[in-house]
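A.B. asks: Below is a structure I'd like to ask you about.
Quick note: the coordinates plus some simple rules give every number you see, no bench work behind them. The model shown is predicted, which means the values in this text are computed figures rather than measured ones. Here the Cβ positions follow ideal geometry from the backbone for every residue, glycine too, while neighbour counts run over all protein chains shown.
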Amino acid sequence: MFVGHYGAAFAAKPASQPIPLWLLFIAVQFMDVVWSLLVFAGVEKLRIVPGFTAMNPLDLYYMPYTHGLIGSLVLAALLGGVSEYFLPQKGRTFLIVGLCVFSHWVLDLIVHVPDLPLIGDRMKVGFGLWRWRDISLAAEFATLFAGLWAMMRYAPSPTRSSDLRLWMLAGWLVAAQLFGTFGPQPATPRIAAGMALGAYAIFALFAWQVDRARASADRAKVPTLQLNI
């Protein structure tokens, strides 16, 4: 799954307002961020196999550290712990950020072919929704917009302008998913990893802009004390 992961970030936002959206965006893709770095380092491996699935040509045959069940739990605890240190909320930040990280594994379980190891590099699982492109796209967008609806319903933007930024972000996510599905595919594993890192950085930056717009609108709504002399 690609942009569907961001549905979990949107949905988590109402649960803890002090956690910025950009951090939740990083959290839901943290497994893939580390995966990309390990691919560059030659630790985790993939092959580019045209037609491997209907959604993408990535044969993710070795990624026990980031996409294994145990590895994903370790990464969830790691980012959750770091986030709790900087945004202490008596464990609430740890829990929410950690769950966002682990949501990546749960959603990947639905779409991946069996390449998610449970122990070491063994006992690989995956329900394989990527074998059907149209169903996979529908699942991506349904997950994304369900999370967006939850955020707008339970953590609404204070102004229309900040709402607009949020919808623009959703539009960019949809465009990125369509490009990733129907556009040119990466020629090498390193290009695939680099494209992933670039996309995650750009979308985290867009989420930071949404945070900034919402914070500015909140400050503008704070009443000022009028002194009549």
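A.B. asks: About the Cα centre of the chain, what is the dipole size in debye to 20, counting +1 per Lys and Arg Cβ and -1 per Asp and Glu Cβ, all else neutral? Mind dumping the intermediate values first?
C.D. replies: Numbers: 17 positive and 12 negative charges, 93 e Å.
The dipole of the chain has a size of about 440 debye.
A.B. asks: I need the trypsin sites (Lys or Arg not before Pro) found in the range 1-90, filtered to DSSP loop residues with at most 13 other beta carbons within 10 Å of theirs. Before the final figure, lay out the partial values.
C.D. replies: Numbers: sites: Lys45, Arg47, Lys90; in loops: Lys90.
Those satisfying the criteria are Lys90.
A.B. asks: Another question, then. Which of the aspartates and glutamates could a cross-linker bridge to Lys13, judged by Cα under 13 Å and excluding same-chain residues fewer than eight apart?
C.D. replies: Of all the aspartates and glutamates, those that pass the test against Lys13 - Cα under 13 Å, at least 8 places apart if same chain - are Asp211.
A.B. asks: So what is the 222 nm mean residue ellipticity for the chain from helices alone, if each DSSP H run of at least 4 adds -39500 (n - 2.57) and you divide by all residues, rounding to the nearest 500 deg cm²/dmol? List each step's numbers first, then the result.
C.D. replies: Working: 8 runs with 144 residues, N = 229.
Calculated from helices alone, the mean residue ellipticity at 222 nm is -21500 deg cm²/dmol.
A.B. asks: So what's the angle, to the nearest 10 degrees on a 0 to 90 scale, between helix 133-154 and the longest Cα principal axis of the chain?
C.D. replies: So the inclination is approximately 20 degrees.
A.B. asks: Hey, what angle do you get for helix 189-221 against the long axis of the chain, alpha-carbon based, 0 to 90 degrees rounded to 10?
C.D. replies: 10 degrees
A.B. asks: Give the residue from Val33, Leu60, Ala11 lying farthest towards the positive end of the charge dipole for the chain; charges sit on Cβ (+1 for Lys and Arg, -1 for Asp and Glu) and the dipole is referred to the Cα centre.
C.D. replies: Ala11
A.B. asks: Out of the chymotrypsin sites (Phe, Trp or Tyr not before Pro) in the range 103-149, which ones are loop residues according to DSSP with at most 15 other C-beta atoms within 10 Å? Walk me through the numbers on the way to the answer.
C.D. replies: Numbers: sites: Trp105, Phe127, Trp130, Trp132, Phe141, Phe145, Trp149; in loops: Phe127, Trp132.
When the chymotrypsin sites (Phe, Trp or Tyr not before Pro) of the range 103-149 are filtered for loop state and at most 15 Cβ neighbours within 10 Å, Phe127, Trp132 remain.
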